[in-house]
Amino acid sequence: AAKRSKMAEVKGQQDLVDLIDWSSVEVLNESSAKPWANAVKKGYRDDPGLYLESDCDEQLLLYVPFTQQVKLHSLVLQGPERAFAPSSAKVFVNRTSVGFDEAEAEAGTQALELESEDVLEGKPVALKYVKFQKVQSVTVFIGSNFEDEDVTRLSKIVLFGTPQFTTNMNEWEKACKT
């Protein structure tokens, strides 16, 4: 039986799931039967039976915008089984329309060669923090999987970081009254 996976944590960082602009998320080459919400949304991504699957080949392109600027620290790209799990990824910052041709040809903000153990266990992969300071959107390009399978499967995607601006509105009201 598949065991329920424990949520990864990164000290000093938060899961940015509540800052995602859900209505503007886009995924290219996703299977209509295995959509992106399975890997990104709370609840769905914690169910080991649900996953995002690519459609006509192994590549996936995920565009995730945020409701405010964030500092991105690390990400989890978890696959349900090694053969179909992502083995390489490129992360692009603040690019609204990256297509497969650009994603393959360009270096991206950071390229990631993934270790199968990390992907299977859902371990966070650190990003070059200085390059991920004023992030309004992130595009993740999955280029390949570990066994050259026809499809890639992602069971969990988690983005860790912090909001760019943390304003406590209660403090704001007090400041306005003085």
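The values are calculated or read from the model by the stated rules, or taken from the named source; none is laboratory data. Remember, it's a predicted structure, so these values are computed and weren't measured experimentally. When we count neighbours, we look across all protein chains shown, and the Cβ atoms used for this are built from the backbone with ideal geometry, even at glycine. Just the protein is used for accessible areas: all its heavy atoms, side chains included, with ligands, DNA and RNA removed. Shrake-Rupley method; radii C 1.70, N 1.55, O 1.52, S 1.80 Å.
Filtering segment 38-65 down to residues that are hydroxyl-bearing (Ser, Thr, Tyr) and open to solvent by 10 Å² or more (accessible area, probe 1.4 Å), which residue is nearest to Val93 (Cα to Cα)? This residue is Tyr63. Count of segment 132-154 residues, restricted to those that are outside any strand (DSSP E or B), under 20 Å from Ser97 (Cβ atoms) and open to solvent by 60 Å² or more (accessible area, probe 1.4 Å), is 1.
Just one of the numbered conditions (1) within 24 Å of Val17 (Cβ to Cβ); (2) modelled with pLDDT of 95 or more is not true of Met169: (2). A residue that is among the hydrophobic types (A, V, I, L, M, F, W, C), under 14 Å from the mean Cα position of the chain (by Cα) and open to solvent by 40 Å² or more (accessible area, probe 1.4 Å) occurs somewhere in segment 19-27.
When restricted to residues that are open to solvent by 30 Å² or more (accessible area, probe 1.4 Å) and either closer than 20 Å to Leu50 by Cα or in a strand (DSSP E or B) (or both), segment 155-164 contains 1. Of the candidates Ala83, Ala107, Ala89, the single residue that is of a type in the set (A, V, I, L, M), open to solvent by 10 Å² or more (accessible area, probe 1.4 Å) and not in a loop (DSSP other than H, G, I, E, B) is Ala83.
Gln69: at negative phi, at pLDDT 95 or above and in contact with a Leu (Cβ under 7 Å, 6 or more places away or on another chain), yes or no? Criteria not met by Gln69.
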